[in-house]
Amino acid sequence: CAFRKLIDIQYIGCMGPPGGGRNPVSNRMLRHFNFIAFADMSDGSVRRIFEMILGATLERKFAKEIQELCPSLVAATVEQYNLIRTEMLPTPAKSHYTFNL
């Protein structure tokens, strides 16, 4: 097998903090990446964002009775997401247990 020269390659990755089946990444590996980090949003912020998205869709396509359900639907979804996120943590055997909005 001949040596191959790779030019202009970019790597993109994402990760969460170690725990729940995620292993720490060594500094030797991390030195090759630039970091962009953000804090988790509060439930109120998440609700506001998704109420705007769902509300716009419901206004265009559904009757007023359905549109009025938007805040309840979003609140229930965020509540379920938080429950699943705390109860169903990923493990090495169940690494597919990663949830996001």
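Miscellaneous remarks
- Residues in segment 23-69 that are under 30 Å from residue 93 (Cα atoms), outside any loop (DSSP other than H, G, I, E, B) and open to solvent by 100 Å² or more (accessible area, probe 1.4 Å): 2 in all.
- Here residue 6 meets the list (1) assigned to a loop (DSSP other than H, G, I, E, B); (2) of a type in the set (A, V, I, L, M, F, W, C); (3) within 25 Å of residue 77 (Cβ to Cβ) almost entirely, failing just condition (3).
- Number of the exception - residue 67 against (1) without any contact (Cβ under 8 Å) to a residue 60 or more places away in the chain; (2) within 23 Å of the chain's Cα centre (by Cα): (2)
- Taking first residues from segment 25-38 that are more than 14 Å from residue 11 (Cα to Cα) and partners that are open to solvent by 100 Å² or more (accessible area, probe 1.4 Å), the Cβ contacts under 7 Å between residues at least 6 apart in sequence or on separate chains come to 25/15.
- Cβ-Cβ distances below 8 Å connect the following pairs, each with a first residue in segment 1-18 that is within 13 Å of residue 34 (Cβ to Cβ), a second residue that is surrounded by 10 or more Cβ atoms within 10 Å (Cβ to Cβ), and a separation of six or more residues or different chains: 11/33; 13/33.
- Among the residues here, residue 8 qualifies as open to solvent by 100 Å² or more (accessible area, probe 1.4 Å), acidic (Asp, Glu) and at pLDDT 80 or above.
The values are calculated or read from the model by the stated rules, or taken from the named source; none is laboratory data. Computed from a prediction, not measured in an experiment: that's the story for all the values here. Using ideal geometry, Cβ is built from the backbone for each residue, glycine included, and neighbour counts are taken over all protein chains shown. Quick note on the areas: whole protein, heavy atoms, side chains included, nothing else; ligands and nucleic acids left out. Shrake-Rupley method; radii C 1.70, N 1.55, O 1.52, S 1.80 Å.
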